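Structure record follows, encoded as structure tokens.
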Amino acid sequence: AYLDPGNIESDLQSGAKAGFKLLWVLLGATIIGLLLQRLAARLGVVTGMHLAEVCNRQYPTVPRIILWLMVELAIIGSDMQEVIGCAIAFNLLSVGRIPLWGGVLITIIDTFVFLFLDKYGLRKLEAFFGFLITIMAVSFGYEYVMVRPDQGELLKGMFLPHCEGCGPAQMEQAVGIVGAVIMPHNIYLHSALVKSRSIDRGNKKEVKEANKYYFIESTIALFISFLINVFVVAVFAEAFYEKTNIEVNAMCNASDSPHTDLFPLDNSRLQVDIYKGGVVLGCFFGPVALYIWAIGILAAGQSSTMTGTYSGQFVMEGFLNLRWSRFARVLLTRSIAIFPTLLVAVFQDVQHLTGMNDFLNVLQSMQLPFALIPILTFTSLTSIMNDFANGLVWKIGGGVVILVVCAINMHFVVVYVTSLSSVALYVLAGFLCIAYLCFVGYLVWHCLIALGVSCLDVSCLASRMLTGHNDIYLLKDMDSDTMVERLEEEHVGGVVINSDTVRS
């Protein structure tokens with residue numbers, strides 16, 4: 001999920017626009033992603049429920065439905081990016097013989113490939129994921145070795161936070177990196193994947209051990225994804241940073257590339273995307289580099305397609321208690337993703353297809369609060385997490401991280417909207433923004449109460465005075481019998497909390 005086509009496009013644009021200067025942003029975003037994955041895994045291990053199931057139990061009906069719709073939008077947006085990436089890969093591999101719309105249609109096969117593999121068990125599916133990630137590592141690693149980036153500049157860019165000479169374009173790219181790495185459906189997915197292993201949740205030592213090993217597993221996985229992302233950034237930073245269109249045009253002419261017309265004869269800076277990136281590699285380093293790039297993009301699209309499929313399944317089952325067959329669920333979301341992408345592919349060119357990719361990055365950035373705020377809320381509640389609830393450091397640190405990530409992504413959204421230059425769109429965006437901020441404010445309100453700001457929970461002030469539990473406001477949908485067993489023996493100021501008090 002950290003290596004989808006949207007990530008790869010963000011990487012190559014970062015290298016082409018800012019060289020090695022934004023590698024520290026990629027490193028920071030990956031570390032933040034790891035910490036958020038840790039919270040997601042802990043929720044799943046301790047409770048035996050994934051994030052969507054906990055949201056279903058804890059939030060009232062209307063907020064729960066809105067939250068589900070927002071997360072589904074993020075999943076569909078991610079699925080569309082995967083469709084776009086696969087379509088571009090097929091087009092590059094066939095030297096244009098497979099049109100973009102043909103590549104979009106071929107990706108329908110992904111549905112059946114996934115269902116076929118899933119029938120043979122989790123281990124077979126994990127092996128296939130490993131195979132695709134190996135293809136990405138070999139493909140992008142080959143480009144890295146061939147280009148031979150400056151290792152000193154690479155390490156400086158990775159560990160020395162700076163961006164000398166950066167302007168608005170580079171700052172916008174830095175924001176885009178955070179949005180591409182930290183995606184909302186990853187949090188829901190990871191909280192559910194831990195349920196595939198058998199854990200005795202009644203044994204505190206075993207739960208603690210499981211949390212430790214899931215953290216190690218996540219660290220290894222994200223380290224591998226970080227390396228592959230660095231390969232892409234470094235290749236484009238070394239070979240194409242500060243290159244102009246006229247330089248690339250000349251190289252493509254010299255190599256008899258059929259894509260020379262993509263680069264106008266002017267001195268403006270080279271602008272690349274997944275499609276142009278492959279073409280430019282082919283012009284500078286030969287056709288082999290182009291084909292290997294396309295194979296890597298295809299592997300990224302295929303693997304992230306399946307992670308999106310799993311995310312959608314868990315989200316739908318958790319929020320709605322629906323038990324659709326996997327075939328029906330995959331067919332529905334894949335159809336929603338393919339239809340608009342197919343329309344663009346049929347009636348427009350690849351530039352509009354990659355333009356849609358930018359819009360989808362913005363869409364997913366807007367959905368981030370709907371994963372980050374709930375995961376911090378629920379992992380901070382002792383009523384849900386028992387002894388594994390977030391401590392003060394995690395509460396403060398998590399709150400600051402989520403605030404920063406959401407602020408960065410909101411800046412990204414504002415920059416995108418202001419670039420539209422349409423009064424009607426400004427007005428529409430204004431109305432949507434008000435509704436959006438109101439709902440985010442509602443989630444933040446609940447989160448602050450969970451973090452200990454009990455004065456905000458006016459409706460349950462009396463209950464808290466009796467019980468001393470700041471998180472009692474969220475217990476109405478939990479299993480009351482379980483909560484009675486946990487709380488009825490507690491004493492608050494000499495008063496025993498009885499069953500009736502807890503249920504009320």
Of the criteria (1) open to solvent by 10 Å² or more (accessible area, probe 1.4 Å); (2) among the hydroxyl-bearing types (Ser, Thr, Tyr); (3) in a helix (DSSP H, G or I), which one residue 311 fails = (1)
request  = Would you check which residues across segment 114-164 are surrounded by 12 or more Cβ atoms within 10 Å (Cβ to Cβ) and not in a helix (DSSP H, G or I) and list them?
outcome  = 149, 150, 161, 163
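Does residue 292 meet the test of being part of a helix (DSSP H, G or I) and under 22 Å from the mean Cα position of the chain (by Cα)? Don't jump to the end; show me each part of the working.
Working: part of a helix (DSSP H, G or I): yes; under 22 Å from the mean Cα position of the chain (by Cα): no.
In short, no.
Residue by residue, here is whether (1) exposed (fewer than 13 other Cβ atoms within 10 Å of the Cβ); (2) closer than 21 Å to residue 82 by Cα holds:
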site: 173; (1), (2): no, yes
site: 189; (1), (2): no, yes
site: 201; (1), (2): no, no
site: 205; (1), (2): yes, no
site: 221; (1), (2): no, yes
inquiry  = I want to confirm something. Restricting to segment 231-261 and keeping residues that are in contact (Cβ under 8 Å) with a residue 60 or more places away in the chain and touching a strand residue (DSSP E or B) at 6+ places or on another chain (Cβ under 8 Å), which single residue is nearest to residue 20 (Cα to Cα)?
reply    = 242
message = Please go through segment 249-275 and give me each residue that is surrounded by 24 or more Cβ atoms within 10 Å (Cβ to Cβ) and part of a helix (DSSP H, G or I), ordered by number.
response = 274, 275
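The values are calculated or read from the model by the stated rules, or taken from the named source; none is laboratory data. Computed from a predicted structure; not experimentally measured. Positions of Cβ are backbone-derived with ideal geometry, glycine not excepted, and every protein chain shown enters the neighbour counts. Protein only, heavy atoms only, side chains kept; ligands, DNA and RNA dropped before computing areas. Shrake-Rupley method; radii C 1.70, N 1.55, O 1.52, S 1.80 Å.
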